[in-house]
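Structure record follows, encoded as structure tokens.
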Amino acid sequence: MLHEDKQYYPSAEDVYGPGTEALVMEEDAQPIEVPILAPVKVRKVEAPFPPIEPRAPPAFAAALLATPALVRTVAVLGGLHAGKTCLVDTLVAAAYAGFPAPKSNDAAAPRYTDARLDEQARRVSLKATPISLVLPSGTGKSHLLQLVDAPGHPDVHGEAVTALRLADGALLCVDAAEGVTASAEAHCAAAAAAGARVVLVITKVDRLATELKLPPADAYHKLRHVLEEANAAAAGAGLVGAGGGARAFDPRAGTCAFSSAAHGWSFTLPSFAALYADVAGEALDTGAFAARLWGDSYFNGASRKFSRAAPTPGAPRSFVQFVLEPLYKLIAHALAEDAASLAGALESVGVSLPRAAYAADVKPLIAAVTRAVLGGPAGLVDAILATVPDPRAGAAAKASRVFGPTDDAASAAALASADPAAPLVAAIAKLIPKPDATGFDALVRVFAGTLRPGDRVRVLGPAFTPADAEDCAPAAVGRLWTLNGRERTPLDAAPAGAWALVEGVDATVTGAGATLAAAAGPFPPAARPLAVGAGSVVKLACEPLQPGELPSMVAGLRAVAKSYPAARVRVEESGEHVLMGPGELFLDSAMKVRGGEGEARVGWSAGVPARAPTSPLPPSRRTCASSTATSRSKWPTPPSRCARLSRKRRRSNASRGPPTAPTRSP
């Protein structure tokens with residue numbers, strides 16, 4: 001045997017089995033902090049949630065999606081902490097089996113649509129999250145509600161605008177205790193600009209009884225004041241009511257609902273009137289009864305009639321007598337922790353609870369009692385069905401706002417009728433990171449044609465025009481999903497009027513405002529860019545921790561610009577990369593974006609540089625210097641109100657004469 005053929009030690013294949021590869025590396029070939037065999041990194045961006053199952057099979061939901069008359073697309077809007085996400089939780093609990101319910105007084109809400117880790121940590125929604133739910137109406141007929149839970153923080157107002165690009169209507173949530181806030185007014189104006197039909201939902205009605213301790217009569221006046229505030233905000237934004245009425249929201253017309261997400265119930269006046277008809281077991285004109293449950297309407301027990309004048313001094317209004325007082329009694333029985341009296345009160349309305357439910361804490365007990373009496377969200381579903389048009393009925397108005405004008409009569413007719421057999425036209429609303437944060441998928445709404453996996457399409461950017469087709473790129477559609485909060489349900493086809501999460505078309509998309517068109521045929525009109533709200537007022541200069549990681553940082557900034565329509569990324573004259581946004585919370589959320597090749601190893605230098613910026617970017621706070629009361633700001637913006645008042649006061653003082661010395665009190 002030759003010397004070189006001798007084997008003194010077993011090989012790696014002999015020790016570890018066939019298929020084993022042995023790596024021989026020289027000394028100092030790579031940095032000592034880099035392992036020879038790097039571990040597999042699993043990037044986790046979504047919070048875990050216990051598995052839940054839809055009550056309706058996916059095939060049934062797909063059949064509803066193919067029937068536009070049974071579909072409604074709705075954006076859930078409202079101010080910060082107005083109860084939007086918790087309201088969606090109540091709808092998810094009605095559509096999914098196994099949804100966790102709070103079992104103690106201190107248990108937090110599940111917040112199913114807050115899928116990101118930072119959203120769960122802050123208890124604040126930061127991204128608009130779509131979800132599709134199969135829910136029954138008051139008649140028991142199932143409908144598909146495609147909802148988008150939009151955040152209410154002013155820094156991420158662009159997410160609400162993105163949600164309205166997808167939806168035909170909106171639910172405007174207003175806290176019963178806090179009233180209409182500035183964010184709610186901004187969302188109301190955005191809904192009016194998008195042409196959406198809006199249903200007002202007064203949330204957290206339980207706070208009037210459990211926190212503010214208001215009597216039923218005072219609670220009615222508080223609710224009426226909130227309603228008047230909402231109608232004033234709607235009138236200022238240009239929203240009109242059902243049938244073109246002057247009042248956008250009216251409980252008697254079914255355009256205003258009341259809810260308590262903490263206790264899991266919601267109702268409208270027509271649904272409450274139907275509840276009385278079920279309890280009484282008699283034929284009752286629920287429409288006429290519901291019309292008398294709001295405003296200055298009183299019930300005369302002696303004559304069994306309603307009147308505009310109180311039959312006796314101090315008589316309660318009909319809303320107080322028939323709605324609030326029974327609700328307060330149920331809450332009082334639950335707070336008393338007397339199982340016998342509570343069981344008797346529930347028996348009087350034909351409702352019973354399991355014996356174990358009476359031993360629960362107060363908050364879960366109130367939730368169980370009120371849900372058992374008021375039922376599911378059928379009243380809210382009826383309000384949505386009556387107010388929001390289906391995708392085909394509202395296609396003409398929606399397409400005229402989303403797309404620009406076109407000279408092609410065939411494309412215009414297909415968009416106006418939402419023809420599923422026409423050539424494909426779909427608008428990209430936003431890009432959503434993949435679950436493993438390796439790229440992005442596009443959330444689109446199909447306006448004409450049918451989108452299927454494997455289709456060849458053309459991606460038209462915001463700068464596309466038929467005369468200049470430079471901003472146009474071919475792409476191949478990969479898989480399709482229906483995004484249900486944290487779950488992705490595979491989809492075989494997305495007809496006109498449907499939403500879909502599309503794979504494989506994000507390579508040339510830089511943000512919202514792109515259009516998907518059929519691979520052949522004339523070009524359709526391009527979608528208009530999204531008006532994401534206020535401009536950038538806060539900026540951060542970023543630099544890599546290691547100079548060699550600059551390409552990775554640049555890729556990460558591109559991922560931020562893709563995921564956030566309101567983000568602006570640019571390179572200053574000094575060479576530093578700057579990320580700009582509407583606020584601090586926006587930038588803090590954007591720094592956690594993972595997508596594409598951008599990694600997390602990016603260092604951020606906080607604050608704005610001391611020198612003046614190169615663009616007309618005003619600082620977030622400005623004051624007037626006392627020594628130069630009439631001087632203008634150095635920024636190229638109009639003088640502030642404080643400067644104008646100081647100039648006016650100076651002229652007034654000059655006409656009066658020299659000022660007298662102020663006297664100091666002992």
- Query: Over the Cα atoms of region 148-189, what is the Rg over Rh ratio if Rh follows Kirkwood?
  - Reply: 0.95
- Message: Using helices alone, I'd like the mean residue ellipticity at 222 nm for the chain: each DSSP H run of four-plus residues gives -39500 (n - 2.57), total over residue count, nearest 500.
- Response: -9000 deg cm²/dmol
- Using +1 on the beta carbon of Lys and Arg, -1 on that of Asp and Glu, and nothing else charged, what's the dipole of the chain about the Cα centre, debye to 20? 3740
- Note on the structure: In Å, the Kirkwood hydrodynamic radius from C-alpha pairs for region 287-422 sits at 19.7
- Convex hull per residue volume in Å³, alpha carbons only, for region 81-231: 139
- Note on the structure: Largest-first ranking of H157, H263 by accessible area, probe 1.4 Å, whole protein assembly kept, is H157, H263
- Which one of V156, I131, A514 has its Cα pushed farthest toward the positive end of the charge dipole of the chain, where Lys and Arg give +1 and Asp and Glu give -1 at the Cβ? V156
- Message: Once each part is reduced to its C-alpha centroid, what is the distance from region 249-311 to region 88-122 in angstrom?
- Response: 30
- In the neighborhood of G485, defined by Cβ-to-Cβ distances under 14 Å, what is the net charge if each Lys or Arg adds +1 and each Asp or Glu adds -1? -1
- Message: Could you compute how much accessible surface V578 exposes when probed at 1.4 Å, giving the result in Å² to the nearest 10?
- Response: 0
- Message: Quick check: at a probe of 1.4 Å, how many percent of the accessible area of the chain sits on carbon and sulfur atoms?
- Response: 56
- Item | Separation of the A541 and A277 label points, Cα + 7 Å toward Cβ, nm | 6.9
- Charges only on Cβ, +1 for Lys and Arg, -1 for Asp and Glu: so what's the dipole of region 193-273 about the Cα centre, in debye to the nearest 20? 60
- Task: Ratio to report: Rg/Rh of region 170-249, with Cα atoms as the point set and Rh obtained by the Kirkwood method; give two decimals.
- Result: 1.01
- Message: Can you give me the solvent accessible area of L545 with a 1.4 Å probe, rounded to the nearest 10 Å²?
- Response: 110
- Note down the magnitude of the dipole of region 292-388 about its Cα centre, charges +1 on Lys and Arg C-beta and -1 on Asp and Glu C-beta and zero elsewhere, to the nearest 20 debye. 360
- Message: Probe radius 1.4 Å, ligands and nucleic acids left out: which of E229, E4 has the largest accessible area, and how do the rest follow?
- Response: E4, E229
- In whole percents, the bins of 5 Å from zero upward hold the Cα-Cα pairs of region 375-435 as 3, 14, 20, 17, 12, 13, 13, 5, 2, 0, 0
- Multiply the residue gap between I36 and R55 by 0.36 nm, knock off their C-alpha separation, and tell me the result in nm, one decimal place. 1.9 nm
- Have a look at F289, N300, Y220 and report the one farthest towards the positive end of the charge dipole of region 210-302, computed about the Cα centre with Cβ charges (Lys/Arg +1, Asp/Glu -1). Y220
- Message: Defining a contact as two alpha carbons under 8 Å apart and six or more residues distant in sequence, what relative contact order in percent does region 19-170 show?
- Response: 29
- Starting from the Cα-Cα distance between A531 and Y8, subtract it from 0.36 nm times their residue separation and give me the gain in nm to one decimal. 180.9 nm
- Item | Calculated FRET value between D588 and A356, using beta carbons and R₀ = 41 Å, to 0.05 | 0.40
- Of all GluC sites (Glu not before Pro) in region 425-503, the ones in DSSP coil with at most 11 other Cβ atoms within 10 Å are E470
- Message: Once each part is reduced to its C-alpha centroid, what is the distance from region 362-402 to region 48-71 in angstrom?
- Response: 16
- Query: In the full protein assembly as shown, how much of R456 is accessible to a 1.4 Å probe, in Å² to the nearest 10?
  - Reply: 150
- Choose one of P433, T489, T370: the residue whose Cα lies farthest towards the positive end of the charge dipole of region 359-501 (beta-carbon charges +1 Lys, Arg; -1 Asp, Glu; about the Cα centre). T370
- Residue-normalised accessible area of the chain, given per residue in Å² at a 1.4 Å probe: 49
- Task: Return the lysines within reach of K434: Cα separation strictly under 17 angstrom, same-chain partners fewer than 8 residues apart disregarded; answer none if there are no such residues.
- Result: K41, K44, K127, K562, K592
- For the chain, what is the Kirkwood estimate of the hydrodynamic radius, computed as the reciprocal of the mean inverse distance between distinct Cα atoms, to one decimal in Å? 28.5
- Query: Using heavy-atom solvent-accessible surface (probe 1.4 Å) with all chains present, what is the largest-first order of T90, T67?
  - Reply: T67, T90
- Item | Volume of the Cα convex hull of region 399-549, divided per residue and given in Å³ | 157
- Taking the DSSP beta bridges in the chain as the whole, what percent of them are antiparallel, to the nearest 5? 75
- Message: Please compute the contact order of region 461-533 in relative form: average sequence separation of alpha-carbon pairs under 8 Å and at least six residues apart, divided by the residue count, as a percent.
- Response: 33
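The values are calculated or read from the model by the stated rules, or taken from the named source; none is laboratory data. In this text, all values refer to a predicted model and were calculated from it rather than measured experimentally. Every residue, glycine among them, receives a Cβ derived from its backbone with ideal geometry; neighbour counts consider all protein chains shown. Areas reflect the complete protein model, heavy atoms only, side chains present, ligands, DNA and RNA absent. Shrake-Rupley method; radii C 1.70, N 1.55, O 1.52, S 1.80 Å.
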